[in-house]
Amino acid sequence: MSAEFLNDAAYHRPVMLAECLDALEMRPDGRYVDVTFGGGGHSARMLERLSTGHLYSFDQDADAEQEAAGLARPQFSFIRANFRDLHDELAQRGALPVDGLLADLGVSSHQFDTPERGFSTRFDGPLDMRMDPDGPRTAADIVNEYPAADLHRIFGMYGEVTNARTLANTLATARRGQPIQTIGELKKAMGSCMPRGKENKYLAQVFQALRIEVNDEMAALQQMLEQTAQVLRPGGRLVVMSYHSLEDRLVKNFMAKGKFFGEAEKDLFGHTSLPFDVVTRKPREASAEEVALNSRARSAKLRIAIKN
């Protein structure tokens, strides 16, 4: 790997890189999947550990596909697809089962730092937020077309916004004058709802809620996780890094119980058959040194499980 690629923090600084690689316990001849290529930081270092093995990396973003071209080699395949299509895409390539799977559920630095993608509260730009630029629905569509009751639901559920109902009604009123198309217009429309001194946190919660809805992130995550039990060989490792409590709760429950809600299912004899053995009872977190270098590592939670 080139030093320029690995050190290109402007594109993406991989979070908890050493911890993720250690958790995978990679073999040089193994078959691995990175379902969130992003800026390629994790994939690049995973490739360094392979000789006759193979790495399959997923991403639905055209920018990620372009970045992946720099890693071209016989041991690497880039798959331009949503990770909810994990099993079918690997099956088509005769790539089952796999020895390890990594999922870094964060938005890449490149996406945050590109104003026209609409992910960041720091810039003005279009209200887009699509991980797949060809996706059917933008954040502007949601803000302008969803009934107030649906806005209330997503702000409360996905952003955990305290005054979600008030915010939803405020936006429903504001858009009657003219559509809310840009980040600047959204900030202005919701200005009266933002708590004094906590504007940045509030904006982050609202943007998180819109991004999750735009990309159907919770459903896609559940579908991908369910498929990991099919694609991993016995003894294969599942390594997932999440950045907010909604994702982390789904990951934690699935690893521990094989399901997202409720208790693990038992057979007629009262025995529980679990797909995974949990390695991390408590999630691993980034070191203070890493957080000082990369603030996005502050909320990262890494969980590891082994396929039974």
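Quick one: compute a quarter of the convex hull surface over the Cα atoms of the chain and quote it in nm².
17.1 nm²
Please pull out the direction-averaged projected area of the stretch 132-236, using the convex hull of its alpha-carbon atoms, in nm² to one decimal place. Walk me through the intermediate numbers first.
On the way: hull surface 34.6 nm².
Approximately 8.6 nm², given one-decimal rounding.
Let me know the volume per residue of the alpha-carbon convex hull for the stretch 139-191, in Å³.
Details: hull volume 3.6 nm³, N = 53.
So the per-residue hull volume is 69 Å³.
If you average the sequence gap of Cα pairs under 8 Å that are 6 or more apart and divide by the length of the chain, what percent do you get for the contact order?
That works out to 18 percent.
What does the charge dipole of the chain about its Cα centre add up to, to the nearest 20 debye, if the Cβ of each Lys and Arg holds +1 and the Cβ of each Asp and Glu holds -1?
Numbers: 38 positive and 43 negative charges, 201 e Å.
The calculated dipole for the chain is roughly 960 debye.
On the accessible surface of the stretch 205-308, probed at 1.4 Å, how many percent belong to carbon and sulfur atoms?
Details: 2520 of 5040 Å².
Ligands and nucleic acids excluded, carbon and sulfur give 50 percent.
May I ask what percent, to the nearest 5, of DSSP beta bridges between residues of the chain are antiparallel?
Working: 12 of 30 bridges.
So the antiparallel bridges in the chain amount to around 40 percent.
Keeping every protein chain present and rolling a 1.4 Å probe, give me the accessible area per residue for the chain in Å². Intermediate values should be presented prior to the final figure.
Details: 14300 Å² over 308 residues.
Result: 46 Å² of accessible area for each residue.
In whole Å, how far is the Cα centre of the stretch 256-294 from that of the stretch 178-245?
21 Å
If you plug each phi of the stretch 77-93 into the Karplus form 6.51 cos²θ - 1.76 cosθ + 1.60 with θ = phi - 60°, what whole-Hz ³J(HN,Hα) values come out, in order, with x for Gly and Pro?
Whole-Hz 3J(HN,Hα) from phi for the stretch 77-93: 10, 9, 10, 7, 6, 6, 5, 5, 9, 3, 4, 5, 5, 6, 4, 4, 9.
Relative to the longest principal Cα axis of the chain, at what angle does helix 164-177 sit, 0 to 90 degrees, rounded to 10?
Roughly 60 degrees between the two axes.
At 1.4 Å probe size, with the rest of the protein present, what percent of the exposed accessible area of the stretch 65-195 is carbon and sulfur atoms? If you can, show how the numbers build up before the last one.
On the way: 2890 of 6030 Å².
Taking all protein chains in place, the stretch 65-195 shows 48 percent carbon and sulfur surface.
Looking at the calculated P(r) for the stretch 213-308, what percent of the C-alpha pair distances fall above 17 Å? Mind dumping the intermediate values first?
Values: 2524 of 4560 pairs.
Counting pairs separated by more than 17 Å, the tail of P(r) holds 55 percent.
Among Glu213, Glu48, Glu247, which one moves the most in a GNM of the chain with springs linking Cα atoms closer than 10 Å?
Comparing Glu213, Glu48, Glu247 in a Gaussian network model of the chain, the most mobile one is Glu48.
Rank Tyr56, Tyr146, Tyr243 by mean-square fluctuation in a GNM of the chain with C-alpha springs under 10 angstrom and give only the top-ranked residue.
Maximum among the listed residues: Tyr146.
Which residues among the stretch 143-162 fall inside the zone where the amide N is under 16 Å from a point 7 Å beyond the Cα of Arg176, along Cα→Cβ?
144-149
With a point put 7 Å past each Cα toward its Cβ, work out how far Arg298 is from Phe260 in nm, to one decimal.
Spacing of the two 7 Å Cα→Cβ label points: 2.8 nm.
Calculate the all-directions average of the projected area of the stretch 22-162's alpha-carbon convex hull, and give it in nm².
On the way: hull surface 41.4 nm².
Computing the convex hull of the Cα atoms and averaging its projections yields 10.3 nm².
Please list, or write none, the lysines whose alpha carbon is within less than 28 Å of the alpha carbon of Lys252, excluding same-chain residues fewer than 8 places away.
Those lysines meeting the cut-off are Lys201, Lys266, Lys282, Lys301, Lys307.
The values are calculated or read from the model by the stated rules, or taken from the named source; none is laboratory data. Note that the structure is predicted; figures quoted are calculated from it, not measured. A quick note on method: Cβ atoms are made from the backbone with ideal geometry, for glycine too, and the neighbour counts reach across all protein chains shown. The area values use the complete protein model at the heavy-atom level, side chains included, leaving out ligands, DNA and RNA. Shrake-Rupley method; radii C 1.70, N 1.55, O 1.52, S 1.80 Å.
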